[in-house]
1. For the chain, report the translational diffusion coefficient in µm²/s to the nearest whole number, using Stokes-Einstein at 37 °C, 0.692 mPa s, and a Kirkwood Rh over Cα pairs.
2. For the charge dipole of the chain, defined by +1 on Lys and Arg C-beta atoms and -1 on Asp and Glu C-beta atoms about the Cα centroid, which residue among Thr40, Ala55, Ile17 has the Cα displaced farthest towards the positive pole?
3. With a cut-off of at most 11 other beta carbons within 10 Å, and DSSP calling the residue loop, which chymotrypsin sites (Phe, Trp or Tyr not before Pro) in the chain qualify? Please list them.
4. Please work out how many pairs of lysine residues in the chain are eight or more positions apart (or on different chains) and have Cα atoms closer than 25 angstrom.
5. Could you give the angle, 0 to 90 degrees to the nearest 10, between helix 2-65's Cα long axis and the longest principal axis of the Cα atoms of the chain?
Amino acid sequence: VKLEYQIWSREQKSRDIATEHQYEREAATGQRAHELRELTLKVKELELKLAFEKALAERLVLEKKI
């Protein structure tokens, strides 16, 4: 009985460790996904700023030509 318990205990510990590693991987994946969303939003924001600056520059060029 003692040997069976030791085997069961080690198997349980192994499963617990595997589960913990899975949670860690999922958390890391979630963190990377969040960072990617933040970077995507930042890129969109910078693209909008660039489009605005470009339109403003084109307007100034046209005003100087008039």
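1. Calculated translational D: 193 µm²/s.
2. Of Thr40, Ala55, Ile17, it is Ala55.
3. Those that pass, being in a loop and sparsely packed, number zero.
4. Count of close lysine pairs: 7.
5. That helix lies at roughly 0 degrees to the long axis.
Rule-based calculations on the coordinates, nothing more; no lab input. Because the structure is a prediction, the values reported are computed rather than measured. Cβ coordinates were reconstructed from backbone atoms using ideal geometry, including for glycine residues, and neighbour counts include every protein chain displayed.
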